[in-house]
Structures are given as C-alpha cells and as structure tokens.
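The values are calculated or read from the model by the stated rules, or taken from the named source; none is laboratory data. This one's a predicted model, so the numbers in the text were calculated from it and none came from an experiment. All Cβ positions, even for glycine, are placed from backbone atoms using ideal geometry, and neighbour counts span all protein chains on display.
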Amino acid sequence: MTALQSRLDVEPGATGAGPNRPAPAAPGRRRRALRRHPRSAPYLFIAPFFVVFLPFGAGSVLLALGMAFVTWPLGQAPVFVGGDNFATVLTDPLFGKAMGNTVYMLAGFLLALMPLALFVAVLLKQLRKRSANIVQVLVFAPITMSLIAVALVFDLILNERVGFVSGVLAQFGLDPIPFLSDAGLAPWSIILLRIWRVLGYYAVILFAGLQSIPDEYYEAAALDGANAWQRFRHITFPLLKPVTLFVLVAASIAAWELFAEVDVLTDGGPARSTLTAVMYIFQASFGQFDLGKGAAASAVLAVAIIVSTLLANRLLRSDDRDR
Amino acid sequence: MIAERLSSRVVRAVVVVLLVVVIAFPLYWLVISSLKPSTLLGEVSLIPSQLTLDNYRAALAGPIPGWMLNTIGIALCTTALGVTVASLAAFGFARYRFRGRTILFGIVLASLAIPEYALVLPQFTIMRQFGLLNTWAAVILPLAANALVLFLLRQYFAQLPEELFDAARLDGAGELRLFWTVAVPLVRPGLGAAALLLFLNAWNAYLLPLVMLTSSDQFTMPIGLAFLHSQLNFSIVEESPWGAITAGTVISTVPLIVCLLVMQRHFIGGLTAGAVKS
C-alpha cells in the first residue's frame, strides 16, 4: 500500500470519519431490515463495473504479463519464448539510455517542483483570503490543459525559428538558444514545461494541507519564541508530511510515464537525450511491431515505478518513527 | 518595525506578481499568436501590429471541428459510462456485506498500483481481437473502467448513515430505489468530482487514443494537434499549419478554462479530492 496509501490521506472521508458501517446498535430491527434485500442485490450493483473492468483493468494486467513471455508477430498466433524478451530488453543499450533519461528528467523535475510547490503553497497561505482565491484559480489553470496543448504553447516560446525567446534575443543581435535542439538543454526544456503545467495543481493540494494545520500551534510556538524557520521545521514540515508524500508519489509516477511532450517536441532527440522509457515501449510495440519486447519493457518499467514508490514511502515513513 | 513589515509586504507582492506573470504569459502568448497573421508569427511585440481571425477560419475549415466532436463525444461517453458503473459498484461495495467482497475490492485496489501506460498494449490487442480499433469504443471502454473513481465514490457512499436506508426499506423501497432516491442525491459532490476526473482524463488522453485511433477522421484534439505539429518540419514558416495549430490549441483549451472560472471552488475541490493522474 503505497501510492494508494498516500492517495487515501488526502481524500475526503479518509480523515477518520468513515467506518464501513455504523456499529449495530439496535440489533433486532436493523438485522431484519438488512436481511430484506435479495441475496443477488450486491452482485447486481457491482456487475456493470466488472463487465468493463475485467477485460480492460484486471484482465489487461494479466495479459500484459503474458505478452512479455511471447513473441507475437502481426496476424499470427503468439509463441511462448520464455525470458527472451526480457533478455533482449535488459541487454539493449537503448533501453538503458531510455531508463537513464527518464530517471534524469524525473529527478530534475522533482528537485525543482517540490520546493517550488511548497513555496507557492506557503505564499497562498500568507495572502488574504480573497487574493489567495484569485491567485489559486489562475495557477490552477494549466493543469486543465492537455500535455499536447502545453507542449505546443512552449514550442511557441522556445522554438528556435519562430519562438518568443529567439525573437527577443534577435532584437539584441544575439543568436537563438537551442532549447529543444541541444542534447544538454532539451531535457530541461521538457522539465520546465512539465513544471509549468503542474506547479499550481500541487501547490493547491499542499495549500489545502497547510490550512488543515491549526493556527494555535503557530501561536503557541511564537509565544515560546520560535522563529519562522523553527516554526516551519517543527510544525509545518512534520504535519504536512502525508500531503507532501502524496504529491511526491503522484508527481513521480506521472514523471516516470513521460511521453506525450517529448513525442511532440523532440521525438526523443536530439541525440536521444529525451528518449524516455514509455517512448521506447511505444517504438518497440508500434514502430518495430514487436509487442513482446514492448510488453517486457513495460513490465520492467512497472516494477521500477512500484519499487520506487514503495521506497519513497518506506524512507519517509520510517523517518517518522525515529522522531 | 513598521518599515520592516512594509518591506516584507512589498516583497510578497512582487513575488505574487512574478508568479502570476510566469503562469499567465504562456497562455497570453498562445492567444496572441493565434490572432496574428502567420507571416508575423516570429514577431515579439507583446501587442501585435495586426490582428486577424484568419487562423480560426482556417482551423474551422479543416479537420479540427471533426476532431473536436470526437473529443467531446469520447469525453462525454467516458464520463457517463464511468460514473454510472462506478457509482453502482461503489454503492454495492459500501452498503452490503457479501461473499467475495473483500477479494473483489482487493483486485480493484491492486490494479491501482499498475501504471496506466502498461495496460495500453494489452488493451490494444483486445480491441484488435474484437475489431474495435479506430472506433470511439476503443478509447471509451478502457478509460471508463476507472478503479480510482470507484474507490473515491465508495468513500462517499460509506459515510451515509445506515438508518436512512433502514427507514426507506421499511417503507417498501427496492434496492435500486434506495440507490437512486436515497443515496445518489446525498453524494452529489462525490459524483461531481468523479465526473470531472473522468472527463478531464478523457479530454486530455494522449497515449491511448494515439494507439487506438488510426485514421485521421477519428482523431481527438490532442492527437490531431500533435499530427499537425509533426507536419511543421516539412513546410516553410509562411505556409506552415502554425495558424491552425495555435487556433486549434485555443479552441481545445478554452472550454475547460471557462469551466474552471465559472465553477472555481467545485472544480478545484473535485480535482484535488480524487485526482492523482495529473
């Protein structure tokens, strides 16, 4: 229970108020009333969901696993090949490169996002209510846009030929900066547009967490002479931890799955510097039509995501126990 | 002391303005670019020397209205189907004890740990098997089976007091009527959050429709815009589809931003309550 656990923490009703059902206080009448429903009723309620979920949720998970162990040329029957697909993928330097790029961009993304989102959340908290509301709505807007729309907007700004930045530089007689065509810069351009899209969203979630911390704690600490940093360190930071963990896990899962922006803006280039793991899977499956290889790479990436999520939870939770 | 407080206020105001500009400028630049004649695309002045609706005319004459229709249709169907099946199941899981409940709900929960992209391949092979590739259904069905939405709704249904249902049962109401007339009206905020989550997810989906929808008349907006953008490299700036791209991006972005502005609190609350897939 990992990503899930932290999802629970910020959901309504997870704050302790909702046991599954109230304790049976007046047994006689209640029991009779409960019995009155037909046995089949609960099954009929859950059936429609499972009709859709069994093939496309649970069934697809099993199928994904199975596909990793077969070779399945288009129009033919699948043939079992054991661990061959995994051997192919794990020894493919390109897959290593793709995983490395993904981790690099994920790390850069998180290192920049977390302090920024926390900063914006604290800023929102310090504003008066009405201005906080206005700023909140504005910074939230980018999350409603699709990744593609955001990528296109940033192309208008960073593009070497027609981009805003090159235009400004040209007015000063300077050369354009190759934001998307330099192997060192391109990953950071992708990180930048990603942060622009999600900063407000995560800041608003952290802001909601901040508001659930009672003001009395801060007042008491101030009376005891704690300065701003000490108040942050000893009140805000520990009490905000569950929400922070949620943001960290949600943001990193999304970053592991980076694909759309690079597909549109760089196509994995330049010099494969922005080739991501999902892009590798996509190319193996639909470029080379090697579904088995794609499925094996998918499984490796899924394991990486699940393990890193577990680790993030373990590290941050055990930190609690030490205190 | 007063000077200090004043200066910290000034600093804060400056930081807020900076934040607002950083977030708003790209949006402003998108809108401005969509209103410029394509020959002036590279012009950097903040207020363009010439404004025109030509890009929108070009966009509406091309395939964009069809893509928009596909996007709206897919998003609405996903939302309707997803909310219906998830709310029925959430009610079933929250209000009844029955054999297999723990296991079935456990399977749903466990599926949340599997990243979405990993299911696209098997979903593709299933759709190919059923001959559903290149149809709306190929995108709607996988997106509607949303375990997170079921999970979210179950929380809302579980909070309702049992006495409500007992009373209605004594009055002779059937189980489906309990669901529809007693429970559903009380969990409206949850249903709203669920609908918003499903709708946004479908509206912005990229990888799944990219894999499932193969002919350009079936594209959704994200796929279509990405397709137009991929043509850029083969054209000179003056004849490029930039005009249609900028206008199309505005057209596909504005409806949701308007929704955000109109329903501010509900919109933000709904998304932050259940949204994990950002």
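Overview of values
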| item | result |
| --- | --- |
| Single residue of B:SER240, B:SER252, B:SER230 found to be facing another protein chain (nearest Cβ under 9 Å), under 17 Å from the mean Cα position of the chain (by Cα) and on the phi < 0 side of the Ramachandran plot | B:SER252 |
| Single residue of A:ILE253, A:ILE235 found to be more than 13 Å from A:ALA98 (Cβ to Cβ) and under 14 Å from the mean Cα position of the chain (by Cα) | A:ILE253 |
| Any hit, the range B:123-136, residues being of a type in the set (Val, Ile, Thr), within 9 Å of chain A (Cβ to nearest Cβ) and assigned to a loop (DSSP other than H, G, I, E, B) | no |
| Check on A:ILE205, assigned to a helix (DSSP H, G or I), of a type outside the set (S, T, N, Q), in contact (Cβ under 8 Å) with a residue 40 or more places away in the chain and within 23 Å of A:GLY269 (Cβ to Cβ) | no |
| Positions within the range A:134-145 being free of Cβ contacts under 8 Å to residues at least 60 places away in the same chain and facing another protein chain (nearest Cβ under 7 Å), in sequence order | A:VAL135, A:VAL137, A:ALA141, A:PRO142, A:ILE143, A:THR144, A:MET145 |
| Residue within the range B:144-158 that is in contact with a Phe, Trp or Tyr (Cβ under 6 Å, 6 or more places away or on another chain), in a helix (DSSP H, G or I) and among the basic types (Lys, Arg) present | yes |
| Total residues in the range B:82-114, condition buried (at least 21 other Cβ atoms within 10 Å of the Cβ) and under 20 Å from the mean Cα position of the chain (by Cα) | 5 |
| Checklist (1) facing chain A (nearest Cβ under 8 Å); (2) more than 18 Å from A:LEU291 (Cβ to Cβ); (3) not in a helix (DSSP H, G or I) applied to B:LEU104, failing item | (3) |
| Residue match in the range A:151-166 (condition: part of a helix (DSSP H, G or I), closer than 30 Å to B:PRO209 by Cβ and more than 9 Å from every other protein chain (Cβ to nearest Cβ)) | yes |
| Residue in the range A:138-147 that is surrounded by 15 or more Cβ atoms within 10 Å (Cβ to Cβ), among the polar types (S, T, N, Q) and assigned to a loop (DSSP other than H, G, I, E, B) present | yes |
| Restricting the range B:211-222 to residues that are part of a helix (DSSP H, G or I) and surrounded by 23 or more Cβ atoms within 10 Å (Cβ to Cβ), the residue that is nearest to the other protein chains (Cβ to nearest Cβ) | B:PRO222 |
| Close pairs from the range B:263-276: first within 8 Å of chain A (Cβ to nearest Cβ), partner modelled with pLDDT under 85, Cβ under 7 Å, at least 6 apart | B:ALA273/A:GLU11; B:ALA273/A:PRO12; B:GLY274/A:GLU11; B:VAL276/A:ARG7 |
| Neighbours by Cβ (under 7 Å, 6+ apart or cross-chain): first from the range A:185-202, hydroxyl-bearing (Ser, Thr, Tyr); second surrounded by 22 or more Cβ atoms within 10 Å (Cβ to Cβ) and outside any helix (DSSP H, G or I) | A:SER189/A:PHE179 |
| Residue within the range A:213-235 that is facing chain B (nearest Cβ under 10 Å), aliphatic (A, V, I, L, M) and under 22 Å from A:LEU113 (Cα atoms) present | no |
| Verdict on B:TYR96 being aromatic (Phe, Trp, Tyr), touching a residue at least 12 places away in the same chain (Cβ under 8 Å) and assigned by TED's automatic domain parsing to the domain that holds B:TRP242 | no |
| Subset of the range A:256-275 (residues that are within 20 Å of the chain's Cα centre (by Cα) and either assigned to a loop (DSSP other than H, G, I, E, B) or facing chain B (nearest Cβ under 10 Å) (or both)) | A:TRP256, A:GLU257, A:LEU258, A:PHE259, A:ALA260, A:GLU261, A:ASP263, A:VAL264, A:THR274, A:LEU275 |
